[in-house]
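Participant: First the structure, which I've put down as structure tokens, then a few questions once you've had a look.
The values are calculated or read from the model by the stated rules, or taken from the named source; none is laboratory data. Computed from a predicted model, the values in this text were never measured in an experiment. With ideal geometry, Cβ positions are generated from the backbone for all residues, glycine too; neighbour counts draw on all protein chains shown. For accessibility, only protein heavy atoms count, side chains too; no ligands or nucleic acids. Shrake-Rupley method; radii C 1.70, N 1.55, O 1.52, S 1.80 Å.
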Amino acid sequence: MSIFDSPSSIRARCPQCRRALRTCVCALARAVPHAVQVLILMHPMEVHEAKGTGHLLHLCLPHSRLLVGERFDPVQLQQALQGSWGEAGNALPRHSLLLYPETTQQDAALGLAAAAPPPAPCAPQRLRLVVIDGTWRKSRKMLYANPALQALPRLALKDVPAGRYAIRKAHLPGQLSTFEATALALAQLQGWAGEAPEHAQLQSVFSAFIARQAALQDENRNR
Ligand SMILES: [Zn+2]
């Protein structure tokens, strides 16, 4: 069904950010130069989640791919994790790193495999960052459902500031949105120090997104 023949009971959605057309955030996106490839694994419940940030992130990162699922086809996942993405002039093999905290004792007791040790420090051009986009509970479920993700070396964030995305109740206090966490991880891996323009640009996109969300909430209240 295209957006043009949808019955009026189904809200028409933007094909890029997948939000209702009235709340489309595509105009906020800015393509930021980056060398680390980013694989966004989005839980199906995030696809149409108005408070989700995964689509906006994808729109800001030219070297990103987005897969939607909970339990992925192992062959498709392996290709996305370890295969070449066929980007022109960019065929060197990549080390994939999962943005996720270390396995806790509780997770280990439940059978979660230990992550591989991190690779020796390497150039951003040789890295692929894997990000799970879902609530904390769904992200954990996806990790359990996909052994290939469990086996990846992990990237833990350093010096995490408090998240600014308080409108998202599904996240634990202090937990960052997918957008903020990925921006910080990229800053770490790319060596974007201090006020690097790329990081500043991502932060300004996110600030604009928060402002837009707040404006939409006001609009909804006054309707
Ligand atoms: Zn849009």
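Participant: Which condition breaks for H34 when tested against (1) at pLDDT 95 or above; (2) open to solvent by 20 Å² or more (accessible area, probe 1.4 Å); (3) part of a loop (DSSP other than H, G, I, E, B)?
Facilitator: For H34, the failing item is (2).
Each row is one residue, and each column tells you yes or no for (1) touching a residue at least 24 places away in the same chain (Cβ under 8 Å); (2) within 15 Å of the chain's Cα centre (by Cα); (3) within 15 Å of T178 (Cβ to Cβ).
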{"site": "C14", "(1), (2), (3)": "no, no, no"}
{"site": "C24", "(1), (2), (3)": "no, no, no"}
{"site": "P33", "(1), (2), (3)": "yes, no, no"}
{"site": "I40", "(1), (2), (3)": "yes, yes, yes"}
{"site": "M45", "(1), (2), (3)": "yes, yes, yes"}
{"site": "L59", "(1), (2), (3)": "yes, yes, yes"}
{"site": "P62", "(1), (2), (3)": "yes, yes, no"}
{"site": "Q79", "(1), (2), (3)": "no, no, no"}
{"site": "G86", "(1), (2), (3)": "no, no, no"}
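Participant: Would you check if H55 is within 13 Å of the ligand (Cβ to nearest atom) and either within 24 Å of L189 (Cβ to Cβ) or surrounded by 14 or more Cβ atoms within 10 Å (Cβ to Cβ) (or both)?
Facilitator: Yes.
Participant: Those residues that are small (G, A, S) and in a loop (DSSP other than H, G, I, E, B), I need them from region 134-161; list them, please.
Facilitator: Result: G134, A151, A156.
Participant: Right, something else. Residues to consider are L66, L39; find the one that is open to solvent by less than 50 Å² (accessible area, probe 1.4 Å) and within 16 Å of the ligand (Cβ to nearest atom).
Facilitator: Just a single option satisfies the conditions, and that option is L66.
Participant: Condition (residue is away from the ligand (no atom under 15 Å from the Cβ) and touching an Asp or Glu at 6+ places or on another chain (Cβ under 9 Å)) applied to region 9-32: is it met by at least one residue?
Facilitator: yes
Conditions (1) assigned to a loop (DSSP other than H, G, I, E, B); (2) open to solvent by less than 40 Å² (accessible area, probe 1.4 Å); (3) out of contact with any Cys (no Cβ under 7 Å at 6 or more places or on another chain); (4) acidic (D, E), marked per residue:
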{"position": "A50", "(1), (2), (3), (4)": "yes, no, yes, no"}
{"position": "L77", "(1), (2), (3), (4)": "no, yes, yes, no"}
{"position": "L81", "(1), (2), (3), (4)": "no, yes, yes, no"}
{"position": "P93", "(1), (2), (3), (4)": "yes, no, yes, no"}
{"position": "S96", "(1), (2), (3), (4)": "no, yes, yes, no"}
{"position": "D107", "(1), (2), (3), (4)": "no, yes, yes, yes"}
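Participant: Can you tell me which residue is nearest to Q125 (Cα to Cα) among those in region 175-208 that are of a type in the set (F, W, Y) and crowded, with 21+ Cβ neighbours inside 10 Å?
Facilitator: My answer is F179.
Participant: Just one of (1) over 22 Å from Q79 (Cβ atoms); (2) open to solvent by 70 Å² or more (accessible area, probe 1.4 Å) trips up P147, so point out which.
Facilitator: Here P147 clears every test but (1).
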